[in-house]
Every structure is written in structure tokens, then in C-alpha cells.
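The values are calculated or read from the model by the stated rules, or taken from the named source; none is laboratory data. Bear in mind that the values here come from a model prediction, so they are computed numbers and not experimental data. All Cβ positions, even for glycine, are placed from backbone atoms using ideal geometry, and neighbour counts span all protein chains on display. Accessible surface is based on the protein model in full, side chains and every heavy atom, while ligands, DNA and RNA are left aside. Shrake-Rupley method; radii C 1.70, N 1.55, O 1.52, S 1.80 Å.
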Amino acid sequence: MVQKAPVNPNFFEKIAEIRKWVIVILVGLVLFFGYKYFSLKNNTSTVEYDTALIQEQIKNVGKLVVTEGHFSQVMTYKDQNKYFGDLISFDKKALVVINADVTVSFDLRQVKYDIDAPNKTVTITNIPPEEIKISPDIKYYSVDQSTFNEFTGDDYNKINKIAKDNLAKKVDKSTLKSNAKNRLISELSKILIVTNSMGWKLKYEGEVVNNTNSFEQKLKP
């Protein structure tokens, strides 16, 4: 008759201990992966929220920024037709008064940008150039002409061109363009404030924009 070997009572204790550690490890793994899952989900939601907020801010900035000015000038237009070796001439002249409304605008609806959500970076890829519109009101006084040299459409077109060229020079020398540029920077700075407040970076022309001075340096004529 075969006798069974006696069972070591420590054997069951070891089995129970191993089972206990297996359960502890399994619970630990469940808690770890659960934490990672919900943590990742929360981070993704935060990035999505930040992205939507930045897009909304850029949309709010996307408008037409217009700076207006008024300019006046007086010019004397002269023209002369000569015949027979300058022996005979027929002159025409007029005193011309020009009043013009001038606008310098930036259409910020044309601002283009890329959003790199994983790296929390907004890159402005295009800022539209300024648009200058000159609307002159031209009045003629002391018009003097002869039968052989009358004012024609070509004269009026020439006067209009001269007036606009002179006004463009006045606009360049005025503060109108710089005032318009300051308004542009003010609008773009709203994007900078939002990105900085959320810990994102704003880049333009390959460099990080840290403050409004960075925009001023980049947007200098």
C-alpha cells in the first residue's frame, strides 16, 4: 500500500502569499493605466480647448482696420503750345485746389496662421500689406485757355495723376501710415496676450514674438 507524503503546511501559506502579491500587482496596473488614460484624456481636452480659444481670438482680430486723414493742396497747372519756332504760343493754365480724403487700411481678415497644438505654437504666416486709398476732390479756378489750346480730357487726367502723386508723398511724410501701423500692432497683440496667458508661443518670420516691440521691429517699413 502506497503512503502519501505529508503536505508541508507552509506550502499553502506560500500559495496564499503569492496570490496576494498577484492581486496587488494587478490592482496597481489597473490604477496606473487608469490614471494614464484619464490624464491623457484631460490633456487632450485642454489642448483642444486652448486651440479653439486661440482660433476664436484670431477670428475676433480679423477685421478691417482703417485710419483716415484729410489733405489739401493748391497747384497751378500750365501748358503751352508753340508754333513757328516759338514765335507764336498758345497758353492755358488753371489754379487747381485739391482736397482729398485718404485712408490707410489693413484687412486682418487676410491674416494667415498655423496652429501646432502638440507643441503649443501659433505661427503667423501672412500679414496683409497696407492699402492706401486716395480720393481727391479737384476744383478748377482762374481757368485761362485759348481757342488753339483748350483744356482736354488728357489735361484733366494729367492733373489728377499729378495731384495723387503729390498727395502720396504727403501721406508718406505724415503720421498717417505710422498711426495705421500702430493700430495693426495693437490688434495683433491681442493674439500675443492670449497665447502667452495660456503658455503657448507665438511666432512670426521664424522667430518667437515675446512682446509688442518684436512686432514693431518686424513690421518696420
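Taking a sphere under 13 Å around the Cβ of residue 166 and counting the other residues whose Cβ falls inside, with K and R at +1 and D and E at -1, yields a net charge of +4. Cα-based radius of gyration for the range 94-141, normalised by 2.2 N^0.38 Å, reads 2.12. Based on protein heavy atoms only, the range 159-199 ends up with 52 Å² per residue of surface accessible to a 1.4 Å probe.
Share of carbon and sulfur in the accessible area of the range 150-221 stands at 46%, probe radius 1.4 Å.
One quarter of the surface of the convex hull around the alpha-carbon atoms of the range 85-221 equals 12.4 nm², the direction-averaged projected area.
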